[in-house]
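Report on the following structure.
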Amino acid sequence: MREMLSPTSAIAGRGLDREVALITDGRFSGASRGASIGHVTPEAAAGGPIGVVRDGDRIRVDIPAKRLDVMIPEAELQRRLSEFHPTRRPTGSSFLDAYAASVGPASRGALRQAPPGAPWGPQASGGPG
């Protein structure tokens with residue numbers, strides 16, 4: 001999950017921080033400026049709708065409801081989602097690749113989730129599964 005200080009700084013540096021919102025599945029530090037919405041889940045890498053947003057799409061932001069809506073017809077959204085195939089890029093680290101393959105969403109703490117039958121999962125300890 002990338003840190004978004006550089007993109008928000010670029011938006012502010014161009015004087016657009018009052019006109020442009022950055023919506024991302026990335027994270028923000030305390031130094032970000034302007035309208036910034038992060039930790040959107042499900043992430044694009046998990047096939048979430050944020051992965052099919054295109055330049056020019058209008059997005060409704062409903063802060064009290066904690067909701068974002070892409071303002072395109074439902075049929076178009078479903079078509080885009082059916083054609084969307086998120087890719088996993090190798091990181092160069094077997095540890096990070098294993099983590100990426102088993103990590104849950106940021107909204108749930110980005111914790112590793114045991115695959116069914118894993119010797120280290122909740123099923124192995126008799127816990128909930």
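The values are calculated or read from the model by the stated rules, or taken from the named source; none is laboratory data. Keep in mind it's a predicted model, so treat the numbers as computed, not measured. Note that we place each Cβ from the backbone using ideal geometry, even for glycine, and neighbour counts take in every protein chain shown. These accessible areas exclude ligands, DNA and RNA; they are computed on the full protein's heavy atoms, side chains included. Shrake-Rupley method; radii C 1.70, N 1.55, O 1.52, S 1.80 Å.
Listed values, structure above:
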item	result
Alpha carbon centroid spacing (whole Å) that separates segment 60-90 from segment 1-56	15
Efficiency of FRET between Arg79 and Ile23 - r from beta-carbon atoms, R0 30 angstrom, step 0.05	0.90
Carbon + sulfur, % of accessible area of the chain - ligands and nucleic acids excluded, 1.4 Å	54
Radius of gyration, Dmax [the chain; alpha carbons; angstrom]	17.6, 56
Computed E for Lys66/Ala101 - FRET, C-beta separation, R0 22 angstrom, nearest 0.05	0.20
Peptides ranked, highest mean first, by Cβ atoms within 10 Å: ranges 19-31, 67-79	19-31, 67-79
Mean Cα-pair separation over length for segment 22-76, i.e. relative contact order, pairs under 8 Å, 6 or more apart, %	22
R0 of 41 Å, Cβ-Cβ distance Ser6-Gln113: FRET efficiency to nearest 0.05	0.85
DSSP-defined antiparallel bridges as percent of all bridges, segment 8-129, nearest 5	60
Heavy-atom surface of the chain, accessible at 1.4 Å and reported per residue (Å²)	72
Segment 1-94: relative contact order in percent, alpha carbon pairs under 8 Å with at least 6 residues between	20
